[in-house]
Amino acid sequence: AGRTLADALARCADEPIAVPGAIQPHGALLAVTEPDLAVVVASANAGALFGAEPAGRTLADLLGPAELDRLRTGLAGDLAELNPLRLDLPGGAVDLVAHRADGLLITEWEPLAGAAEAGPAWHRRLPAVLQRLSGAGGLAALTGVLARDVRDLTGFDRVMVYRFDRDWNGEVVAEDRRADLEPFLGLWFPAADIPAQARALYATQWLRLIPDAGYARVPLEPAIVPGTGRSLDLSDAGLRSVSPVHLEYLANMGVVASMSVSLIDRGRLWGLIACHHYAGPRRPSAADRVAAEFLGRTASLLLHTAVDAGETHDVVGVAQRSADLVAAVGRAGRTPLPALTDGGDAGRPTVLDLLPAGGAAVRLDGRLRLLGATPPAERVGPLVEGLLAAGTPVTDALPRALPGAADLAGTAAGVLAVGLGAGDFLAWFRPETPREVTWGGNPHEKEIAPGGRLSPRRSFEAWTEVVRGTARPWRAHEVAAARALGEQVAVVGRARAEQDNRMAA
Ligand code: BLA
């Protein structure tokens with residue numbers, strides 16, 4: 001057991017990344033009770049920073065009165081406004097970041113020494129940056145601006161905007177990099193590179209930073225939180241020690257420092273801003289990370305509009321033709337079939353013109369009419385019935401949706417079917433469009449490590465694959481227009497049946 005690829009992939013997603021029992025060494029962590037601020041859990045490196053071992057003490061023992069006062073004032077308000085709070089400790093100046101988890105106040109103390117800070121000049125440019133982001137027309141412009149400005153702010157060697165597809169593979173859609181580096185723009189990475197539990201965490205947690213992937217983990221003490229019986233929940237802790245599998249991945253890629261900021265479109269993880277540093281460790285200051293997160297959040301709000309802006313033109317066209325067809329069906333009265341299929345000569349649209357497709361089919365009262373490039377007539381009925389029965393009326397990968405019909409992919413790798421009741425239907429077909437996908441490393445070369453987990457691949461050399469059996473995806477407004485037309489045809493059909501019944505009575 002535990003030796004198959006599926007097992008190995010499942011194991012990746014099972015790693016409990018939220019409770020590693022350790023932090024990264026670029027700061028110290030204290031989990032304290034409120035309101036007395038008594039230390040319950042401390043990272044093993046905290047003593048050096050505070051000049052005293054924190055176990056058995058409270059923050060009042062560890063901080064000077066002025067610092068304690070500033071902290072208490074901050075805690076009385078909204079924590080989001082406190083973060084980060086700059087304080088002086090015996091070990092030097094720190095940025096303090098606090099949040100609540102497991103019924104405790106989790107405080108993270110990060111020394112300023114060694115952090116890179118873009119400085120106030122950058123913050124003065126923020127209005128211009130926001131202007132550029134919101135003024136960008138379309139997705140390409142928005143992501144391009146985002147990569148450039150995040151790199152400018154953080155100084156990473158490479159900043160990419162990474163976009164997930166439906167299956168959680170991802171593509172680098174924008175990039176800004178040091179001139180001597182190989183481009184990653186356009187490369188694809190498989191879903192397994194960022195497993196499901198990590199994606200779930202990143203859908204609520206906006207930023208993570210690994211300043212030095214070669215770090216030695218610092219354990220939390222005690223390992224189990226008294227009273228909970230579990231290790232401290234570090235989901236929202238910036239210092240959280242990350243998955244060793246991922247550290248191996250970064251090492252294989254030659255990445256020393258990695259930071260990523262989530263891009264979230266209406267609650268769903270849309271992509272990441274992924275930052276690499278190769279020359280050595282890199283740690284943007286807590287304040288600069290807040291600014292990077294702010295850019296990520298702002299871009300996230302704009303994603304939806306940016307995608308829409310590119311689509312508006314097409315949406316209007318489909319809506320116009322949909323209205324024409326619906327009107328023609330309404331006028332046609334008892335025999336709507338010609339209104340759907342014969343408009344061509346009169347310069348009116350047919351179902352095939354409704355949306356970009358290679359072929360279309362209409363079956364009304366059991367009579368089938370085909371337009372354009374479709375599968376053979378005798379296969380169309382079973383094909384559409386099969387897809388409707390399987391609950392996959394909309395597919396852009398027929399061989400996956402209905403393996404028995406894989407041989408039809410030449411004309412119908414994509415099918416959009418709308419059932420009209422009584423065995424009738426409308427359907428559109430798109431031919432297979434073989435797609436070249438260039439991956440960052442061969443994603444099929446999977447290596448399973450001792451212990452049964454998947455190892456990150458070693459080479460990220462561009463590797464091109466031709467993906468077959470898929471068609472251009474159906475877009476939401478196309479599916480909506482097809483269904484609206486189907487509804488109209490069904491309404492006309494029902495009215496006619498009622499009329500027939502009345503006449504028969
Ligand atoms: C996490 N994987 C990640 C993260 C990224 C990637 C961005 C988030 C952490 C970070 O910011 O560094 C992947 N990084 C990429 C990709 C690019 C990039 C695709 O720059 C493209 C340019 N990884 C594997 C395998 C497993 C795996 C086989 O390759 C599992 C067995 C796991 N990746 C993995 C895990 C995490 C991760 C567990 C979570 C790390 C954490 O937050 O603890």
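Here the relative contact order of the chain, from alpha carbon pairs under 8 Å that lie six or more residues apart, stands at 15 percent.
For region 296-329 and region 157-208, write down the distance between their C-alpha centroids in whole Å. One Cα centre to the other: 26 Å. Taking every protein chain into account, the accessible area of the chain amounts to 45 square angstrom per residue (probe 1.4 Å). Taking every full run of DSSP H in the chain, the ones that stretch at least 27 Å from end to end by Cα along their long axis and average 0.0 or higher on the Kyte-Doolittle scale are 286-332. A cut-off under 13 angstrom between Cβ atoms defines the neighbours of Asn252, and their net charge, with Lys, Arg +1 and Asp, Glu -1, is -3. Positive-end ranking of Pro338, Ala306, Leu272 along the dipole of region 268-404, with charges on Cβ about the Cα centre, is headed by Leu272. Within region 418-457, the GluC sites (Glu not before Pro) that combine a DSSP coil assignment with at most 16 other C-beta atoms in a 10 angstrom radius are Glu445.
Debye-formula intensities of region 442-485, expressed as log10 I(q)/I(0) at q = 0.16 Å⁻¹, are -0.67 (one equal scatterer per alpha-carbon, no solvent). Normalised by the number of residues in region 98-196, the average gap of Cα pairs under 8 Å and 6 or more apart makes the relative contact order 17 percent.
Projecting the Cα atoms of Leu368, Trp439, Ser459 onto the charge dipole of the chain, computed from C-beta unit charges around the Cα centre, puts Leu368 farthest toward the positive end.
Protein heavy-atom surface of region 374-436, 1.4 angstrom probe: 58% of the accessible area is carbon and sulfur, with nucleic acids and ligands not counted. Using only alpha-carbon positions in the chain, the gyration tensor eigenvalues give semi-axes of 56, 25, 23 Å once each is multiplied by 5 and square-rooted (largest first).
Basic side chains Lys and Arg get +1 at the Cβ, acidic Asp and Glu get -1 at the Cβ, and with that the dipole of the chain about its Cα centre reaches some 1080 debye.
Keeping the other protein chains in place, figure out the carbon and sulfur percent of the accessible area of region 120-220, with a 1.4 Å probe. Roughly 55 percent, rounded to a whole number. Net charge dipole, region 360-505: roughly 180 debye, given to the nearest 20, about the Cα centre with Cβ charges of +1 for Lys and Arg and -1 for Asp and Glu. Counting only protein heavy atoms and a probe of 1.4 Å, the accessible surface of region 231-286 is 53% carbon and sulfur. Taking every alpha-carbon pair under 8 Å whose residues sit at least 6 apart, region 323-442 reaches a relative contact order of 21 percent. Counting only Cβ charges, +1 for Lys and Arg and -1 for Asp and Glu, the dipole size of region 1-64 around its Cα centre is about 220 debye. With a cut-off of 15 Å between beta carbons, the residues surrounding Arg475 carry a summed charge of -1, where Lys and Arg count +1 and Asp and Glu -1.
The values are calculated or read from the model by the stated rules, or taken from the named source; none is laboratory data. Please read all numbers here as calculations on a predicted model, not as lab measurements. All Cβ positions, glycine included, derive from the backbone under ideal geometry; neighbour counts span all protein chains shown. We work out accessible area using only protein heavy atoms, side chains counted, and drop any ligands, DNA or RNA first. Shrake-Rupley method; radii C 1.70, N 1.55, O 1.52, S 1.80 Å.
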